[in-house]
Each structure stands twice: as C-alpha cells, then as structure tokens.
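The structure appears below as structure tokens.
The values are calculated or read from the model by the stated rules, or taken from the named source; none is laboratory data. As the structure is a computational prediction, the values presented were derived from the model and not from experiment. Glycine also receives a Cβ, built like all others from the backbone with ideal geometry; neighbour counts cover every protein chain displayed. To get the accessible areas, we keep the full protein, side chains included, count just its heavy atoms, and leave off ligands, DNA and RNA. Shrake-Rupley method; radii C 1.70, N 1.55, O 1.52, S 1.80 Å.
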Amino acid sequence: MVLVAVFGVALLVAVLLSGLAARTVLSTSFLFLAGGALVSDGFLVLIHITPNSGIVSVTADLALFAVLFTDGMHVSLPKLRAHWRNPARALGLGMPLAFVFMALVTHFLVGLDWTTSFLVGAVLAPTDPVFASAIVGRTEVPAKLRQLLNVESGVNDGLALPVVLVLIAAAGPTAGSAEASPGKIAVELLLGLTFGVVLPLLVNALVRFRLLGAEAKLQPLLPLASGIILYAACHLTHANPYLAAFSAGAVLAHVSPEAKASFEPLGEALAELAKFAALLVFGALLTPKLFGDLSLGGYAAVVLAIFLIRPASLLLSLLGTGISRREKLVAAWFGPKGFASVVYGLLVLQSGIPQAEQAFTLVAVCIAFSIVAHSSTDVPIARAFDVEDLAGIPDGSGDTDAPTSTSPQALSATGGP
C-alpha cells in the first residue's frame, strides 16, 4: 500500500507540473524516475523493490504493451506503404549497426565476454519514443520524421526479442527456461503478428452485425477489451506480445477509424498511467549501489551508446534518403532506451547466466541516463521546428519535399510584402 500511496503522490505532482513540463526541459518521466529512486532502499527506504521482484517485470511488460498498442494507432498504413523505405533503412541497417557497435564497446570497455557483449547490444538496440512524445505527438514536427521514429520503435522491440533469447541461451547455463530455438522464436513472432492482425478484424466484423453494437458511452471500451484479450492470448500461447500490440493498433486504426477516435483519449491516459507506474518501479532499482557497481569503462560505454552509437548508426542508415539534414539529426538523436530494454534486461538478469549482473547494471544505468537525456530535450527540439518554420529559416538541405512557409510571419521575417 505504501507503493500505491507513493504513486498517487507522484502522479499528483506530475499532473500539477505537466503544464510547466510541456513548455520547458522539465520532464514528467524524470519526476517518476527520481521519485522511485528517492523512496527506495537507497534513500528513504519507504519501499523495497529488487530486480527479482515480480512487480518490476509485470509493470514494464504492461507499460510496453500499452504504449505499443496506442503507438500503433498513430501509424497510417496507406502512408506507410508509400513511405516504407526510411523505416526499413532504420530497422534493416541502423538497428544492426547499433547492435554491433554497442557489442564492440561493451567488450572492450567493460570487459564482458563476446556473447554477453552482443547480448547487451541486443538489449539496448530497441528505441522507445514514449520518452520523446513531444516529437512523435506534435503536428509541427514533420510527418515524415514522426512516422520514421514511430514505426522504427514499434517494430524494433519485436525484432530484438528473438536475438536476446538466442544470445541468452548461447551465453551459458541458465537458471530458468531461457532456452530458445530459431523455430520456436519464428513461431512466437508469427503468432504475435497473426493475433495482432486477426483479432481487430474479428472484433470489427462483430461490431458490424445488425444485432450487435456498442452504446456510445461504452465505445471506448471496445478497443480496450480487444487489447486485454490480445495481451492474455499472447502470454497464454507465448506469442510475441509487442509485435502483436503494435500491429493490432495499426490494423484497428485502419479498419475502424471511429473506434480509434473514441478510444484515443482513454488509450493515451492508460498508456501514460502504465508508463508512470513502470518508471516509478524502475526508479526504485536505481540505488547508489547500482551506480557504484558500474566501472568507469561502463560509464564510458553508456555515454557512447547515447551520444555516438545511436546517432552514427541511424545517420549511416539514412544516407542518400530525401530526409532533410535537420530531420536526420533529430531522428539520430531520439533513440531513447525504454521499456523494451527494461524487460529484456530483466530477462538477462533472471536467466542466471555468467556475467548477468554486470550486464544488467550496464543496461539499467544506460536506460536511466537515456530517459533523462531524451525526455528533457524533446519539447525544446519540437518547439524549434515550429519556430523555424514560422521564421522561414531554411534547413539548408535542399530537400524539395520540405514544406515552405507562406505565413505572414514568414513573409515579414524574410522581407516579403
């Protein structure tokens, strides 16, 4: 009950400061992260949570599922078919590059063996724009950039999980059922994709029966019920829940725009609640001992992961594309480590493989640093797009697809009539 009380207080403070956070570098995500750390064993000792506590994996899993389900609804399938090349480059080239670079840095700077180093690379490869929501959720940010980041983050969680499972099995003796074969992994991915596509289609077909139909005030609960069923079905059958969640959200928005419109306010609120709860619990793991256990080489690896590896990997993958230079730089920066990395890092720790604790410590510190860095820079950068567009400032990229402003402000700023 103490945890519930702490969450309620943190939620109240976050809501009261949310207006300020929307205009400044203050981050509500950071408030929950810091709040969890403050009440944990490292400081006030109001709650006792360890990485092996069931609440850690459950809250992170639920938050990731909820966020991916709502993120999927923001994907326009017709636009994705027309502009699939950039997300495909980020997933097919940028993500593997980040995976390999992170493994090399981990091996040489932290001293982990090669298998565990590649495991760390796989855990930290997925990105999560929920910590940069001002970028993917604000209309002043170019749609091409928002779609790139949204699709990349929605799909790469599911792509990373098979690699994580295989590398856990290859890293040595495990304490649980972490073994995975390529065939089993392929089946889990296929099941997740199938559930994510079929369930929304089935629910949409049921709604169109003449004798059936949802009352107006209950319509937002229809996608919620679908999401709950999907979550349970995936865990009962060991299907990939993250790929299922993202694909279900995208399909639901495509076949039933009215359901998307009615569910969106509720869905966004639920996803925020799940995110905040997971951040509070994860923050409770960030004790002084955890940070003290990481070597100087580990801190160097964290800095490189955030400031060099992700940016360089994505910039290389986007060479030759029609995206403007400014948008490439923003996309390269916003590669936050989020709930997928939390979940996969816990899988590594609970597997009991050699060097599992060292790997988890590196992953946890990297996620914490990433949340602070990315969630405190999303609003200023998103607002900069609007300011530059209004001022008529060219990005110097020569991108013919970039819109030009003809607003009165732009004309006056450029000396127009």
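The rows are residues; the columns are (1) open to solvent by less than 40 Å² (accessible area, probe 1.4 Å); (2) touching a residue at least 40 places away in the same chain (Cβ under 8 Å); (3) of a type outside the set (Ser, Thr, Tyr); (4) within 30 Å of Met1 (Cα to Cα).
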| position | (1), (2), (3), (4) |
| --- | --- |
| Asn204 | yes, yes, yes, no |
| Ile228 | no, no, yes, yes |
| Lys260 | no, yes, yes, no |
| Pro265 | no, yes, yes, yes |
| Phe276 | yes, yes, yes, yes |
| Leu280 | yes, yes, yes, yes |
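Put simply, of Ala248, Ala300 the only residue that is within 30 Å of His107 (Cβ to Cβ), at pLDDT 90 or above and not aromatic (Phe, Trp, Tyr) is Ala300. Scanning the range 59-78 for residues that are among the hydroxyl-bearing types (Ser, Thr, Tyr) and either modelled with pLDDT of 85 or more or under 29 Å from Ser351 (Cβ atoms) (or both) turns up Thr59, Thr70.
When restricted to residues that are crowded, with 17+ Cβ neighbours inside 10 Å and hydrophobic (A, V, I, L, M, F, W, C), the range 35-69 contains 14. For the range 318-367, a tally of residues being under 19 Å from Leu97 (Cβ atoms), not polar (S, T, N, Q) and not in a helix (DSSP H, G or I) returns 8. Selection of the range 178-213 for residues being among the small types (Gly, Ala, Ser) and modelled with pLDDT under 85 yields Ala178, Ala180, Ser181, Gly183, Ala186, Gly213.
Flag not set for Asn240, criterion: at pLDDT below 90 and more than 20 Å from the chain's Cα centre (by Cα). Restricting Glu272, Glu327 to those that are touching a Lys or Arg at 6+ places or on another chain (Cβ under 8 Å) and among the acidic types (Asp, Glu) reduces the list to Glu327.
Checking each residue in the range 95-114 for being surrounded by fewer than 18 Cβ atoms within 10 Å (Cβ to Cβ) and over 23 Å from Leu149 (Cα atoms) picks out Leu104, Phe108, Gly111, Asp113, Trp114. Only a single criterion out of (1) in contact (Cβ under 8 Å) with a residue 12 or more places away in the chain; (2) assigned to a helix (DSSP H, G or I) is not satisfied by His235, namely (1). The residues of the range 274-303 that are of a type in the set (A, V, I, L, M) and outside any helix (DSSP H, G or I), listed by number, are Leu285, Leu286, Leu294.
Among the residues of the range 43-58, just one is more than 20 Å from Phe276 (Cβ to Cβ) and either among the aromatic types (Phe, Trp, Tyr) or at pLDDT below 85 (or both), namely Asn52. Quick one: which residue in Ala171, Ala175 is at pLDDT 85 or above and farther than 30 Å from Ala382 by Cα? Going through Ala171, Ala175 in turn, just one is at pLDDT 85 or above and farther than 30 Å from Ala382 by Cα: Ala171.
If the condition is being among the hydrophobic types (A, V, I, L, M, F, W, C) and either within 15 Å of Ala373 (Cβ to Cβ) or at pLDDT below 80 (or both), then the range 3-32 contributes Leu20, Ala21, Ala22, Val25, Leu26, Phe30. Inclusion of Leu104 among residues that are of a type outside the set (Lys, Arg) and at pLDDT below 90 is not warranted. Within the set Val100, Val58, the sole residue that is without any contact (Cβ under 8 Å) to a residue 60 or more places away in the chain, within 15 Å of Ala271 (Cα to Cα) and out of contact with any strand residue (DSSP E or B) (no Cβ under 9 Å at 6 or more places or on another chain) turns out to be Val58.
Kindly establish whether Ser18 is assigned to a helix (DSSP H, G or I), without any contact (Cβ under 8 Å) to a residue 40 or more places away in the chain, among the hydroxyl-bearing types (Ser, Thr, Tyr) and open to solvent by less than 60 Å² (accessible area, probe 1.4 Å). For Ser18, the condition - assigned to a helix (DSSP H, G or I), without any contact (Cβ under 8 Å) to a residue 40 or more places away in the chain, among the hydroxyl-bearing types (Ser, Thr, Tyr) and open to solvent by less than 60 Å² (accessible area, probe 1.4 Å) - is met.
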